[in-house]
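Chemist: First the structure, then my questions, so here it is.
The values are calculated or read from the model by the stated rules, or taken from the named source; none is laboratory data. Quick caveat, the model's predicted, so the values are computed rather than measured. Glycine gets a Cβ as well: all are built from the backbone with ideal geometry, and neighbour counts include every protein chain shown.
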Amino acid sequence: MIGTAIEQPMKSDGNPAKAARTRQQRRTGVTRQKLIEAAKSVFAERGLDLTTIDDITERADVGKGTFYYHFKSKEGLIRLMMREMLAELVAAINKRCAGIEDLPTLLDRIIGAHIEFFANRWEDYVLYFQGRADLTLQEGYQGLETPFVNYLESIEELLDAVIKRRLADLELRRIACAVAGFVSGYYSFAVIATDNDTVDDTLRSLRGALVASLARFINESVSSGEKDGSERVAW
């Protein structure tokens, strides 16, 4: 006798405790991100120093205890936000610049990566600018220098790969600072005289001039380091 095959129903893992943990993890993640987004918003309005934890929890519409469940302090939150934002920026720059072998194209890609990254993330740019300014203070937030150093080092590595002369670490750092400073400096002043909606469009239209100026600066820096005094192109 040939038996009839009976289709068995699909089984779940049968672990309600695990499912409950997963739901709790999702809720925790949502709340954590809600606090981060609220902090970005308030930091952009009031600045890092003037913003209080009460400001953040009020904007996020959660209790103060919820904040301390996720973060030890406002300073810890700032460090986390800066680290995550700059890591994303570095990844975007590296992706945009992969395989580039000549300096002008590399500079154009670096500038383009910044424009694209901050185009719809104005609050992230304000965080970036405030964090960079904080590094110049004697009593700034501890730990902010590390993600900024990583950011500069990523630009240094890209530049070092296309500049046809071995540069001293200090010289390469100076050039990387100039590249980062061109973009961040333009943004910081453009918002004073330009509507926020047109800042990115204006910077895009100036890309050619920025690239030419940066390439000339780098070329002069490299040439001045040549012992024989002969002019040498950096790309």
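Chemist: If I filter the range 65-76 down to residues being touching a helix residue (DSSP H, G or I) at 6+ places or on another chain (Cβ under 6 Å) and in a helix (DSSP H, G or I), which single residue comes out as nearest to residue 50 (Cα to Cα)? Before the answer, list the steps.
Modeler: Taking the range 65-76 first, the residues touching a helix residue (DSSP H, G or I) at 6+ places or on another chain (Cβ under 6 Å) are 67, 70-71, 74.
Those left that are additionally in a helix (DSSP H, G or I): 67, 70, 74.
Details: 67: 17, 70: 21, 74: 11 Å.
Filtering the range 65-76 for residues that are touching a helix residue (DSSP H, G or I) at 6+ places or on another chain (Cβ under 6 Å) and in a helix (DSSP H, G or I), the one nearest to residue 50 (Cα to Cα) comes out as 74.
Chemist: If I ask for residues that are in contact (Cβ under 8 Å) with a residue 12 or more places away in the chain, assigned to a loop (DSSP other than H, G, I, E, B) and either surrounded by fewer than 18 Cβ atoms within 10 Å (Cβ to Cβ) or charged (D, E, K, R) (or both), which ones from the range 129-161 would you list?
Modeler: Passing the criteria: 135, 142, 143.
Chemist: Could you identify the single residue in 86, 107 that is modelled with pLDDT of 95 or more, part of a helix (DSSP H, G or I) and under 14 Å from residue 183 (Cβ atoms)? Please lay out each step first, then the result.
Modeler: Working: 107 fails: modelled with pLDDT of 95 or more.
Being modelled with pLDDT of 95 or more, part of a helix (DSSP H, G or I) and under 14 Å from residue 183 (Cβ atoms) holds for just one of 86, 107, which is 86.
Chemist: Then there's this: Please state which one of 144, 127, 152 is under 25 Å from residue 49 (Cβ atoms) and either in the same structural domain as residue 50 (by TED's automatic domain parsing) or in contact with an Asp or Glu (Cβ under 9 Å, 6 or more places away or on another chain) (or both). Give the steps one after another, and end with the answer.
Modeler: On the way: 127 fails: either in the same structural domain as residue 50 (by TED's automatic domain parsing) or in contact with an Asp or Glu (Cβ under 9 Å, 6 or more places away or on another chain) (or both); 152 fails: either in the same structural domain as residue 50 (by TED's automatic domain parsing) or in contact with an Asp or Glu (Cβ under 9 Å, 6 or more places away or on another chain) (or both).
Being under 25 Å from residue 49 (Cβ atoms) and either in the same structural domain as residue 50 (by TED's automatic domain parsing) or in contact with an Asp or Glu (Cβ under 9 Å, 6 or more places away or on another chain) (or both) holds for just one of 144, 127, 152, which is 144.
Chemist: What is the residue count in the range 162-177 for residues that are part of a helix (DSSP H, G or I) and either in contact (Cβ under 8 Å) with a residue 40 or more places away in the chain or of a type in the set (Phe, Trp, Tyr) (or both)? Please lay out each step first, then the result.
Modeler: Of the residues in the range 162-177, the ones part of a helix (DSSP H, G or I) are 162, 169-177.
Then keep just the ones that are either in contact (Cβ under 8 Å) with a residue 40 or more places away in the chain or of a type in the set (Phe, Trp, Tyr) (or both); that gives 162, 171, 174-175.
Matching residues across the range 162-177 total 4.
Chemist: Name the single residue that is surrounded by the most Cβ atoms within 10 Å (Cβ to Cβ) among those in the range 58-67 being under 11 Å from residue 31 (Cβ atoms) and not aromatic (Phe, Trp, Tyr). Working first, answer last.
Modeler: Pass one, the range 58-67, residues under 11 Å from residue 31 (Cβ atoms): 60-63, 66-67.
Narrowing the set further to residues that are not aromatic (Phe, Trp, Tyr) leaves 60-63, 66.
Values: 60: 21, 61: 9, 62: 17, 63: 10, 66: 17.
Filtering the range 58-67 for residues that are under 11 Å from residue 31 (Cβ atoms) and not aromatic (Phe, Trp, Tyr), the one surrounded by the most Cβ atoms within 10 Å (Cβ to Cβ) comes out as 60.
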